[in-house]
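Chemist: One structure follows; several queries about it will come next.
Where a number appears in this text, it was derived from the coordinates with a stated rule and is not lab data. Keep in mind that what you see is a predicted model, and the values were worked out from it rather than measured. Cβ sites come from the backbone with ideal geometry, for glycine too, and all protein chains shown count toward neighbours.
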Amino acid sequence: MNTLKKAYCRTFQFLFKMAIPLLPYRDPEVLDRVEDVPELLKRLGRRSVLLVTDRPLRDAGVTAHLEEALEKKGIHFTVYDGVCPNPTIDNIEEAVKLFRRNNCKALIGFGGGSSIDCAKAVGARIAYPRRSIEQMKGILKIWRRIPPLIAIPTTAGTGSEVTVASIVTDTRKKHKYMLSSFPLIPHYNVLDPEVTFTLPPSLTSTTGMDALTHAVEAYIGGSTTKKTRALAREAVKLIFANIETAYKDGKNYEARRNMLYAANRAGLAFSISYVGYVHAVAHSLGGQYGIPHGLANSVLLPIVLEDYGECVYKKLAELAKVAGIADRGASDEVNAKKFISEIKAMNRRMNIPEKLKGIRKEDIPVMAEHADREGNPLYPVPRLMDAIELEKYYHLVDEDNGIEKQGCDPAG
Ligand SMILES: NC(=O)c1ccc[n+]([C@@H]2O[C@H](COP(=O)([O-])OP(=O)(O)OC[C@H]3O[C@@H](n4cnc5c(N)ncnc54)[C@H](O)[C@@H]3O)[C@@H](O)[C@H]2O)c1
Ligand SMILES: [Fe+2]
């Protein structure tokens, strides 16, 4: 990246960091059980609600508890269960139609990040009936209140239940992008471990590594605060201690609860302190090929951290200590490398592949452009890179071509 663009990015990030205390972040009110939702809706005076979810979840009976509870308490509910992993503009528009047709007054996003993000985007379209989703793309485009939104995460991954973001995919343009505005933060979270019991091991591992990526990228970035550093450390500690138990024993209440809580804390950390290039590249791969977000992040995380090199040693060494894997007396470099190796080892033990399949060389420049536009100037990454420099990550996850590592960004 040229010096002028670097200076622009760092100035932009500095201004955003200075603005953090002034921005209206909020931590949603938390409920512990899905059975508590009808009472909450009654308290809010909302007797008609749109439940946004996906079909596999509903078919597996995961929403049944909630649906029964709503029925019992006389809350009228309409179900939109067409959300795709990586929710599309069509998903959002279909759900908006249902919301209007049934005179709904509140939203429930029930599922992984895809269902919660879809519900957020529905809220945005209700608040701005004349604006398309594309017109609300980017940061701070939405200022009006959306209908009350209750987020019920069924994966312990995205943290979408606390974040300002909704990530949507335009399937026609093969482009995945973000709406990022404060009114999109859900008003309520239900952190009920039982709705995650059915999450299969392959999704438990990759969505959990997504949560780890949030915590790590927020922690190594330049816009952390005391609060977000503490949140990220707490998430890293809990994920290292619980992810493999949740992977092996899906009905382990304690491990599932800790993972849900960790994902939630990591979500809050990155909502304030941002993510980095792992996410920017993962989103471009999701937009182009539909590669699941958690899988892309799991594979990219150790590769990008390794490539950052010495500029992240100190922070990764701190995280190694938090995770309980640091060697006392060893250098930051040694402990940082240990942290990265342990991520790789966890991936291996949970059968996450080391590389991604199906990347076409001719698509790489466009994906790298998308990643560049997502990451710069917003993400306060340890080392700035432009589209050309980001192209290496697509090659590194696709094939072992031994690109040389670079040093730190002097501007960062
Ligand atoms: N808004 C944000 O801040 C934010 C942050 C990171 C990622 N995301 C987005 O979130 C999406 C990914 O979300 P995700 O990884 O949570 O998964 P997901 O919502 O895409 O779901 C993946 C699959 O898991 C299944 N599933 C979910 N919970 C289950 C359960 N308890 N039992 C059985 N199956 C279950 C779903 O049916 C689906 O088939 C991506 O679009 C990503 O870009 C959003
Ligand atoms: Fe993520």
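Chemist: Find out how many positive minus negative residues lie around Lys42, taking Lys and Arg as positive, Asp and Glu as negative, among other residues whose Cβ is under 14 Å from that of Lys42.
Modeler: +2
Chemist: In square nanometres and to one decimal, what's the mean projected area of the convex hull around the Cα atoms of the stretch 200-398? Kindly include the intermediate steps, with their values, before the conclusion.
Modeler: Details: hull surface 40.5 nm².
Reported value for the Cα convex hull: 10.1 nm².
Chemist: Which peptide among 291-301, 149-159 comes first, and what is the full order, when sorted by highest mean count of other Cβ atoms within 10 Å?
Modeler: Descending mean neighbour count gives 149-159, 291-301.
Chemist: Right, something else. If r is the Cβ-Cβ distance from Lys357 to Leu44 and R0 is 35 Å, what FRET efficiency results, to the nearest 0.05? If you can, show how the numbers build up before the last one.
Modeler: On the way: r = 46 Å, r/R0 = 1.31.
Efficiency, from the Cβ-Cβ distance: 0.15.
Chemist: Can you pull out the chymotrypsin sites (Phe, Trp or Tyr not before Pro) in the stretch 255-348 whose DSSP state is coil and whose Cβ has at most 13 other Cβ atoms within 10 Å?
Modeler: Nothing satisfies the criteria.
Chemist: Could I ask something else about it? Among all lysine pairs in the stretch 272-398 that are eight or more places apart or on different chains, how many have alpha carbons less than 16 angstrom apart?
Modeler: 10
Chemist: Also: With θ taken as phi - 60° and the coefficients 6.51, -1.76 and 1.60, list the Karplus ³J(HN,Hα) couplings across the stretch 317-329 in order, rounded to whole Hz; mark glycine and proline as x.
Modeler: 5, 4, 5, 4, 5, 4, 6, x, 10, 6, 8, 4, x
Chemist: Working out 0.36 nm times the residue gap between Ile139 and Leu23, then minus their Cα-Cα distance, what length gain in nm do you get to one decimal?
Modeler: Extending this stretch completely gives an extra 40.5 nm.
Chemist: Could you calculate the FRET efficiency of Arg328 with Thr245 from 1/(1 + (r/R0)^6), where r is the beta carbon distance between them and R0 is 35 Å, rounded to 0.05? Before the final figure, lay out each step's value.
Modeler: Working: r = 26 Å, r/R0 = 0.74.
About 0.85, to the nearest 0.05.
Chemist: If you don't mind, there's one more thing I want to ask. For a quick protection proxy, order the peptides 163-171, 225-233 by their average other-Cβ count within 10 Å, most packed first.
Modeler: Ranked by mean Cβ neighbours within 10 Å, highest first: 163-171, 225-233.
Chemist: Here is a follow-up. If each of Arg33 and Glu389 carries a label point 7 Å out from its Cα toward its Cβ, how far apart are those two points in nm?
Modeler: The answer from the label model is 5.3 nm.
Chemist: On to the next question. Mean separation of Cα pairs under 8 Å and 6+ residues apart, divided by the residue count of the chain: what relative contact order is that in percent?
Modeler: 16 percent
Chemist: Then there's this: Using a 10 angstrom cutoff on alpha carbons, build the Gaussian network for the chain and name the most mobile of Asn376, Asn91, Asn252.
Modeler: Highest fluctuation among the options: Asn252.
Chemist: Return the whole-Å distance between the Cα centroid of the stretch 1-43 and the Cα centroid of the stretch 179-248.
Modeler: Distance between centres, Cα-based: 15 Å.
Chemist: Another question, if that's okay. Counting other C-beta atoms within 10 Å, and keeping those with at most 14, which DSSP coil trypsin sites (Lys or Arg not before Pro) do you find in the stretch 149-194?
Modeler: Arg172, Lys173
Chemist: Take the chain, connect every pair of alpha-carbon atoms lying under 10 Å apart with a spring to form a Gaussian network, then pick out the residue of Ile133, Ile20, Ile116 with the largest mean-square fluctuation.
Modeler: Ile20
Chemist: At a temperature of 20 °C and a viscosity of 1.002 mPa s, determine how fast the chain diffuses translationally according to Stokes-Einstein, using the Kirkwood radius over alpha-carbon pairs as Rh; express D in µm²/s, rounded to the nearest whole number.
Modeler: D, rounded to a whole number, is 101 µm²/s.
Chemist: Same structure, new question: Choose one of Ile243, Leu260, Pro201: the residue whose Cα lies farthest towards the positive end of the charge dipole of the stretch 193-313 (beta-carbon charges +1 Lys, Arg; -1 Asp, Glu; about the Cα centre).
Modeler: Leu260
Chemist: Out of residues 5 or more away from Phe77 or on other chains, whose amide H comes under 5 Å of its own, with H placed 1.01 Å from N in the peptide plane?
Modeler: Correct list: Val49.
Chemist: Mind putting a number on the dipole of the chain about its Cα centre? Charges go on the C-beta only, +1 for Lys and Arg and -1 for Asp and Glu, and I need it in Debye to the nearest 20.
Modeler: Values: 57 positive and 49 negative charges, 269 e Å.
That gives a dipole near 1300 debye.
Chemist: Sticking with this structure for a sec: Quick one: check the C-alpha center-to-center distance for the stretch 263-297 versus the stretch 326-375, whole angstrom.
Modeler: 12 Å
Chemist: Which residue fluctuates most in the GNM of the chain (Cα springs below 10 Å): Lys361, Lys120, Lys141?
Modeler: Lys361
Chemist: Let me ask something else. Between Thr198 and Ala7, how many nm apart are label points set 7 Å from Cα along the C-beta direction?
Modeler: About 5.7 nm, to one decimal.
Chemist: Given the DSSP H assignment, sum -39500 (n - 2.57) over each helix run of at least 4 residues in the chain and divide by its residue total; what's the result at 222 nm in deg cm²/dmol, nearest 500?
Modeler: So the helix-based figure for the chain works out to -16500 deg cm²/dmol.
Chemist: Give the cross-link partners of Lys251 among the aspartates and glutamates, using a straight C-alpha distance below 13 Å as the criterion and excluding same-chain residues fewer than 8 apart.
Modeler: Cα-Cα hits under 13 Å: Asp192, Glu194.
Chemist: Which one of Pro153, Leu140, His175 is farthest out on the positive end of the charge dipole of the stretch 32-196, using unit charges on Cβ (Lys, Arg +1; Asp, Glu -1) and the Cα centre as origin?
Modeler: Going by the Cα projections, it comes out as Leu140.
Chemist: On to the next question. Can you give the FRET efficiency for Glu94 and Tyr253, using 1/(1 + (r/R0)^6), R0 = 30 Å, r = Cβ-Cβ distance, to the nearest 0.05? Don't skip to the answer; put the middle values down first.
Modeler: Working: r = 35 Å, r/R0 = 1.17.
Calculated value: 0.30.
Chemist: Label Lys173 and Arg349 with points 7 Å out from Cα along Cα→Cβ: what is the distance between them in nm?
Modeler: Placing both labels 7 Å along Cα→Cβ, they lie 4.3 nm apart.
Chemist: Can you tell me the length gained on complete extension of the stretch His65 to Ala230, counting 0.36 nm per residue apart and subtracting the Cα distance?
Modeler: Residue separation times 0.36 nm, minus the Cα-Cα distance, leaves 55.9 nm.
Chemist: Can you work out the Karplus-derived ³J(HN,Hα) for every residue in the stretch 291-305? Use 6.51 cos²θ - 1.76 cosθ + 1.60 with θ = phi - 60°, whole Hz, and x for glycine or proline.
Modeler: For the stretch 291-305, the Karplus-derived couplings read 4, x, 4, x, 5, 4, 5, 4, 6, 6, 3, x, 5, 5, 4 Hz, x marking Gly and Pro.
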